[in-house]
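The next block holds one structure in the form of structure tokens; read it before the comments.
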Amino acid sequence: MIRHTTACHLVLAGVDINTIRAWLGHVSISTTNIYAEIDLTLKANAVALCEVRQPRPVRSWKEDKDLMAFLKAL
């Protein structure tokens, strides 16, 4: 139980999973993943980092007078 709690606290503190693997003495990172569960707060923070931004409005090429003049001159 102490290993599990330690791993969870290290994850919540933002420690890299590979560092936690070394701390716990695991050879395989898959073993560390068993101990290092992520709580809902950490999941919500990860989702917040993936916020979708609104695309900038794109002006139609047909409205660009310089471009239209160039194309007509071809």
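Please treat every number below as a calculation from the coordinates, not as lab data. On a predicted model such as this, the values are computed, not experimentally measured, just so you know. So basically every Cβ, Gly included, is an ideal-geometry build from the backbone, and we count neighbours across all protein chains shown.
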Return only the number of the condition from (1) in contact with a Leu (Cβ under 8 Å, 6 or more places away or on another chain); (2) loosely packed, with under 12 Cβ neighbours inside 10 Å that residue 74 does not satisfy.
-> (1)
Would you kindly identify the helices (runs of 4 or more DSSP H) lying entirely within the range 11-58 that contain at least 2 residues that are out of contact with any Gly (no Cβ under 9 Å at 6 or more places or on another chain), among the β-branched types (Val, Ile, Thr) and surrounded by 10 or more Cβ atoms within 10 Å (Cβ to Cβ)?
-> 17-24, 29-35
